[in-house]
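Participant: Let me give you the structure first, and then I'll get to my questions.
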Ligand code: GLC
C-alpha cells in the first residue's frame, strides 16, 4: 500500500467543515474515517472510497445518549441521568437500541460511553459521565459497550463503541476542561483506570485520548499511558483515536510541540492510531517517514488496528452495511425510553407531600418545566455538530409541564403555569408567577441550569441557580404555600435554600424525551421513584470536591462555614415506600455477604442495595468507603427477600506505592444499605 494511502487511512476528518468535492477527494484518497456525516452522504462517500481506494471508510458520530444528533432519533436521558438507575441491563438495552439507530443512518461507530469520573461539578461535562464512582462507571459503561457492539460486530445492527476520554478529565485541577490533572500514576491507577479496565474487558474496540494532561504530560503524547498501560498491560486490541484536533493542541494549547509536524510525530510515537480532524497530519506523516524520523512500521501498526476493526465490523464484505431505516425512532425504542426515564427519577426530599393527593390547584412555575432543551441537555441536534437553538424539536417528547397537565384532570387537579424567569431577572415574570401561585394549593417550582451553561468549555465557578430563578423562588416562598421543587439540570447544583424551602425535591437531571413525563408520574404517585444519586450534591461550591469515597486525614473533617455533610450524597434516593435491612452476615471464607431486605411500606418499589468496603489499615491511605457491588430488588408491600453478594479478594484491593494492585491482609469492614450515608449502612468487620 503506498505511504500516501496509509497516512490517509489513519486520519479522520469532519464532514461538516469541508465541501462535498473535498470530501469526495479524501474518500478517493483512502481517508480512514469521517465524523458527523449522516445517511445518504455517507453512502455516497463510501461508494467513492470503494471504487477508488478499495478500503471502506468507517463513519463515526457522537451518539452519547441515543443517536440524538439526528432529529428523528430517540433521545434517552443523559449518561448521568441513566446512571441513577444503577441498572447495567438497561444501559445495555439503550446501547443496543442506539446502535440500531446509528447503523440505520449508515454509520458504524459512536464516541461513547464516557468513563471519566465527575469529581468536581464545576466541570461543564459532568452530564456525560456516569458520576463520581469508578465501580458504577465501569459496570454501566461496560454494559453500554456490550449493547453497542453486540455479540457479533459484523451484524448490520452493531457498531463500534469508544471508551473516552483516556484519561483524567474529571481530575483536572479546578475542574477546568482539558486542563492538567495534578495526580500521580499511583492515584491514576487506583481511582481512574479501573473503569477503563472494564471497558477493555468488555471488548471495547476504540479508545479516545483525552485533551488534557497528567502531571504536565499531554495524554496525546503519553506513550507510557497509551502503549505501556493501555495496549501492553491491559491488552487493548482496538485502536486509539485522538480527540478533536488534539495534535494541533500540542502546538497551540499545550506548547509541547513547536509545529504540527513535531506534534504529529509525538502523537504516533505516543500510541495514537487514528488522528481526529488534524488535516495537516497527512502531509506531516508522509514527510516524517520520508525523512526517516518516523518509522513506517508505526504507521503500519496503527493502520493494522484500524483495518482490523473495519474487518470485524464486516465493512470489507458489506461496506454499505446498514440497519433498516425504520430503526430510527422505532416504537420499541420509544417504549424502552419511557421505561428508562422511569428508572432515572430520584426523590431527594419528601415530607409526605408527595405523591400529591386530593383535589388541588397546582401552579407550575419556571420555564425549565416547558423547555425541551433543558430536558435533553447536551449532545443533541440542538447543540451539535454546531449550536442550533432554532431547531424544531420532533415529537414524541413530554415536558414536565405537559406531563403534569396531561395527568392533572384524572387526579381532580387544575393546573396553571407561569414562566417565572428567563436567563435574566425580569420583575414582570415574577409578579405573574406570584399571582398565579397565590391562587394555588401547591406550587411546583421547576429550575436548573440552561443549555448555554453546560458542555465542553462551559465549566462554571458557581453552582447556584441563576439569579432569576432564585429570585422567583424567594418570592414564592413568601406565600407560605407548599413548594415541590423539580431540578431539571445537567448535574448537581448547590441549592441548600431551595431544598430547605421545599416540601419535596426531585430530579432526573436531563431526562430526555420522557423525563418530564416520568417526573410528573412520580409527583402523582403513578410511579414510585427508585433512582439513586450517582453523584453527590455539594452544600456550597466551595465544599468541592465532594465525592463520597474521600480519604481520611482531614484534621477538621469539615469546612467551618458549611455543614460537614454534602447536601445529598452518592447513593441517596428516597421511595414512597420503606425498605428495611436485617440479618446481615458475611462469610469470611467465601467472601459472601447476605442480607434480608423487606418492603415495610404500602407501595411496591425497587430498592438499590449498595455494598461498600473499607480497608481499615493499609500501606497507603485508602478511602473511608468504596462501592464494590449493588443490586436492584423489586418488592411488593410486605415482601422480603434475602440477597447475596459474592465478592472477591480483588474487590478489596488497593494500588500500593509500587503502583501494583494488591489485596493486603488485615482488618476490613463491609457495609450494606440503601445509600452511602453512614446512617444508612450496616457494618460488619472481618479479617482477611
Ligand atoms: C469533542 C469531544 C469528544 C467528541 C469529539 C467528536 O471535542 O471532546 O467527546 O467525541 O470531539 O465530536
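Participant: Got the relative contact order for the stretch 567-688 handy, in percent, Cα pairs under 8 Å and 6 or more residues apart?
Facilitator: On the way: 263 pairs, mean separation 35.7, N = 122.
It rounds to 29 percent for the stretch 567-688.
Participant: At residue 215 and residue 642, where each label point lies 7 Å from the Cα along Cα→Cβ, what is the point-to-point distance in nanometres?
Facilitator: Label at residue 215, label at residue 642, 4.9 nm between them.
Participant: Still on this structure, please answer the following. Using only the C-alpha atoms of the stretch 426-512, find the volume of their convex hull and express it per residue in Å³. If you can, show how the numbers build up before the last one.
Facilitator: Numbers: hull volume 8.9 nm³, N = 87.
Value for the stretch 426-512: 102 Å³ per residue.
Participant: Working from Cα positions, state the angle (0 to 90°, nearest 10) between the long axis of helix 134-149 and the longest principal axis of the chain.
Facilitator: With both axes taken from Cα atoms, the answer is about 60 degrees.
Participant: Mind checking the angle between helix 427-438 and the chain's longest principal axis? C-alpha axes, 0 to 90 degrees, to the nearest 10.
Facilitator: It works out to around 50 degrees.
Participant: Among 252, 521, what is the fewest-to-most ranking by other Cβ atoms within 10 Å?
Facilitator: Details: 252 12, 521 24.
Lowest to highest Cβ neighbour count: 252, 521.
Participant: Which angle from 0 to 90°, rounded to the nearest 10, does the C-alpha axis of helix 260-269 make with the longest principal axis of the chain?
Facilitator: Approximately 80 degrees, to the nearest ten.
Participant: Give the separation of the Cα centroids, the stretch 582-640 to the stretch 392-438, in Å.
Facilitator: 40 Å
Participant: I'd like the distance between the alpha-carbon centres of the stretch 66-94 and the stretch 291-349, rounded to an integer number of Å.
Facilitator: Centre-to-centre (Cα) distance: 14 Å.
Participant: Still on this structure, I have one more. Would you work out if the stretch 1-143 is rounded, prolate or oblate? Take a ≥ b ≥ c from the square roots of the eigenvalues of the alpha-carbon gyration tensor; rounded if a/c is under 1.5, else prolate when a/b is larger than b/c, oblate otherwise. Mind showing how you got there, number by number?
Facilitator: Details: a/c = 2.52, a/b = 2.09, b/c = 1.20.
Taking the square roots of the gyration eigenvalues as a ≥ b ≥ c, the stretch 1-143 is prolate.
Participant: Using Cα-Cα distances under 8 Å and only pairs 6 or more residues apart, what relative contact order does the stretch 550-620 have, in percent?
Facilitator: Numbers: 51 pairs, mean separation 17.1, N = 71.
In percent, rounded to a whole number, it is 24.
Participant: Just how far, in whole angstrom, is the stretch 159-179 from the stretch 470-501 if you go by their alpha carbon centroids?
Facilitator: Measuring centre to centre over Cα atoms gives 32 Å.
Participant: Now, a different point. Calculated FRET efficiency, residue 634 and residue 680, Cβ-Cβ r, R0 25 Å, to nearest 0.05?
Facilitator: Details: r = 19 Å, r/R0 = 0.77.
Working from the Cβ atoms, E equals 0.80.
Participant: Oh, and also: Obtain the nm distance between the two label points defined at residue 291 and residue 388 by a simple spin-label model: each point lies 7 Å from its Cα along the Cα-to-C-beta direction.
Facilitator: Each label point is offset 7 Å from its Cα along the Cβ direction, giving 4.1 nm.
Participant: Just check the stretch 531-688 against the gyration tensor rule for me: Cα atoms, a ≥ b ≥ c as the square roots of the eigenvalues, rounded for a/c under 1.5, and otherwise prolate or oblate depending on whether a/b exceeds b/c.
Facilitator: Numbers: a/c = 2.43, a/b = 1.16, b/c = 2.08.
Oblate is the answer for the stretch 531-688, as a/c is 1.5 or above yet b/c matches or exceeds a/b.
Participant: Moving on to the next point. Can you bin the stretch 451-498 into rounded, prolate or oblate? Criterion: square roots of the alpha carbon gyration tensor eigenvalues sorted a ≥ b ≥ c, rounded for a/c under 1.5, prolate for a/b above b/c, oblate for the rest. Don't skip to the answer; put the middle values down first.
Facilitator: Values: a/c = 2.80, a/b = 2.34, b/c = 1.20.
It is prolate, given that a/c is not under 1.5 and a/b is the larger ratio.
Participant: Also, I was wondering about something else. Can you quote the Å³ per residue value for the convex hull of the Cα atoms in the chain, rounded to an integer?
Facilitator: Values: hull volume 103.8 nm³, N = 688.
Convex hull of Cα atoms, per residue: 151 Å³.
Participant: Hey, another quick one. Given the Cα-Cα distance of residue 233 and residue 184 and 0.36 nm per residue of separation, how much length would full extension add, in nm? Display every interim value, and only then the final one.
Facilitator: On the way: separation 49, 0.36 × 49 = 17.64 nm, distance 1.79 nm.
Gain on stretching residue 233 to residue 184: 15.9 nm.
Participant: Given the rule -39500 (n - 2.57) for each run of at least 4 DSSP H residues, summed and divided by the residues of the chain, what is its mean residue ellipticity at 222 nm, to the nearest 500 deg cm²/dmol?
Facilitator: Details: 18 runs with 186 residues, N = 688.
After summing the helix terms and dividing by the residues of the chain, the value is -8000 deg cm²/dmol.
Participant: Do you know the relative contact order of the stretch 1-79, to the nearest whole percent, from alpha carbon pairs under 8 angstrom that are 6+ apart?
Facilitator: Working: 111 pairs, mean separation 19.6, N = 79.
Computed value for the stretch 1-79: 25 percent relative contact order.
Participant: Go ahead and run the numbers for FRET between residue 687 and residue 431, Cβ-Cβ distance against an R0 of 60 Å, rounding to 0.05. All intermediate terms of the calculation are to be shown ahead of the outcome.
Facilitator: On the way: r = 66 Å, r/R0 = 1.11.
My answer for the efficiency is 0.35.
Participant: If R0 is 41 Å, what FRET efficiency do you get for residue 551 and residue 19 from their C-beta distance, rounded to 0.05? List each step's numbers first, then the result.
Facilitator: Values: r = 54 Å, r/R0 = 1.32.
For residue 551 and residue 19, the calculated efficiency is 0.15.
Participant: Order by neighbour count: 352, 17, 416, fewest other Cβ atoms within 10 Å first, most last.
Facilitator: The order, fewest Cβ neighbours first, is 352, 17, 416.
Participant: Taking other Cβ within 10 Å of each residue's Cβ, how do 75, 37 sort, fewest first?
Facilitator: Values: 75 31, 37 26.
With the sparsest Cβ surroundings first, the list reads 37, 75.
No lab work stands behind these numbers, since they all come straight from the coordinates. Keep in mind that this is a model prediction, so the values were computed, not measured. As a convention, Cβ positions derive from the backbone with ideal geometry for all residues, glycine included, and neighbour counts pool all protein chains shown.
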